[in-house]
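Heads up: the structure comes next, in structure tokens.
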Amino acid sequence: MVYTCIPLLHCLELGISKEEALEVLQIVRREASGEESQRSVGLPSVRKYTALELLEQEHAQGSIITFCSALDEILGGGVPIGKIVEICGAPGVGKTQLSIQLVVDTQIPECFGGLDGESVYIDTEGSFIVDRVMDVAHAAVQHCHLIAEAGQDEVQLEAAQAFSVSSILSRIYYFRCHDYVELLAQSHLLADFLAEHPKVRIVVIDSIAFPFRHNLEDLSLRTRLLNGLAQQLIGMANDHGVAVVLTNQMTTRFGPVQSTLVPALGESWGHAATIRLILRWEGKLR
């Protein structure tokens, strides 16, 4: 049995209004009773999926290769579409470099195993350097040309001719956000942008931590804003079929015996990402 009366206290605990709570209950009651007549009132429908359908959807969406075989193997073939991936590490370990690699790799033609998509790069630190992007793009173009010439496949040869550094750069949409207010504003605008650019397959935020650690001292407010942003990004990844890649800084956690480096933004933020990668150096190996 579904009850249509929710105490006001419960609404406050959930952070929703009584009207929103009533709408949720109407949806639940409609789905439980199977009443088709309820659909005519304009209420949203709850779509049911089987686990097999979800698995097939994930396989159909594909993934973005990193050109690092060990990392691709860990990720199950690359950065998955429709998921949140967080890249953490100390300064200089390669977070931005990997992010740039991904926005380029997203555009590799399908006949070479890519997605032939477009990319969004949101820069909060000012670390996006076009010369670095050009170097990565040039390497990707050369790689595809070598494969096409070796195989002498007509489809690959034609795709390789159209795949150039300039074409890659023209399909990377760059946004510069200077503080957390601009980042939150941009996150609200992203849904409409992705609807207008359906070929976008990756959204990078480099970095997610910087604006919140340097311009926001109220920890309670920071946590609420981050939780809201996380929900937006999760919904965006699911609704628009994009991989959301976030870079995060490291901070020191002091213990009774020793201190350790952990990803920034606290434990609650750690649940936002589907996959968390922590990069570090071991001698000359990363």
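The values are calculated or read from the model by the stated rules, or taken from the named source; none is laboratory data. These numbers were taken from a predicted model, which means no experiment stands behind them. Please note: Cβ atoms are built from the backbone with ideal geometry, for glycine as well, and neighbour counts cover all protein chains shown.
Does at least one position in the range 96-106 carry a residue that is buried (at least 21 other Cβ atoms within 10 Å of the Cβ), out of contact with any strand residue (DSSP E or B) (no Cβ under 9 Å at 6 or more places or on another chain) and either at pLDDT below 95 or assigned by TED's automatic domain parsing to the domain that holds Asn248 (or both)? Break it down stepwise before answering.
Of all residues in the range 96-106, those buried (at least 21 other Cβ atoms within 10 Å of the Cβ) come to 96, 98-106.
Retained after the next criterion (residues that are out of contact with any strand residue (DSSP E or B) (no Cβ under 9 Å at 6 or more places or on another chain)): 101.
If we keep only those that are either at pLDDT below 95 or assigned by TED's automatic domain parsing to the domain that holds Asn248 (or both) as well, we get 101.
Within the range 96-106 (the criterion being buried (at least 21 other Cβ atoms within 10 Å of the Cβ), out of contact with any strand residue (DSSP E or B) (no Cβ under 9 Å at 6 or more places or on another chain) and either at pLDDT below 95 or assigned by TED's automatic domain parsing to the domain that holds Asn248 (or both)), the answer is yes, since at least one residue qualifies.
Across the range 119-135, what is the number of residues that are crowded, with 20+ Cβ neighbours inside 10 Å and out of contact with any Asp or Glu (no Cβ under 8 Å at 6 or more places or on another chain)?
Going through the range 119-135 one residue at a time, the tally reaches 3.
From the list Val200, Val165, Val155, which one is among the β-branched types (Val, Ile, Thr), touching a Gly at 6+ places or on another chain (Cβ under 9 Å), farther than 19 Å from Ser127 by Cα and assigned by TED's automatic domain parsing to the domain that holds Glu86?
Val200
Go through the range 113-140 and count every residue that is assigned to a loop (DSSP other than H, G, I, E, B), hydroxyl-bearing (Ser, Thr, Tyr) and under 16 Å from the mean Cα position of the chain (by Cα).
Going through the range 113-140, the residues assigned to a loop (DSSP other than H, G, I, E, B) turn out to be 113-117, 124-129.
Those still in the list that are hydroxyl-bearing (Ser, Thr, Tyr) too: 124, 127.
After this cut, where a residue has to be under 16 Å from the mean Cα position of the chain (by Cα) as well, the list is 124.
Within the range 113-140, residues that are assigned to a loop (DSSP other than H, G, I, E, B), hydroxyl-bearing (Ser, Thr, Tyr) and under 16 Å from the mean Cα position of the chain (by Cα) number 1.
Among the residues of the range 219-252, count how many are surrounded by 12 or more Cβ atoms within 10 Å (Cβ to Cβ) and not in a helix (DSSP H, G or I).
11
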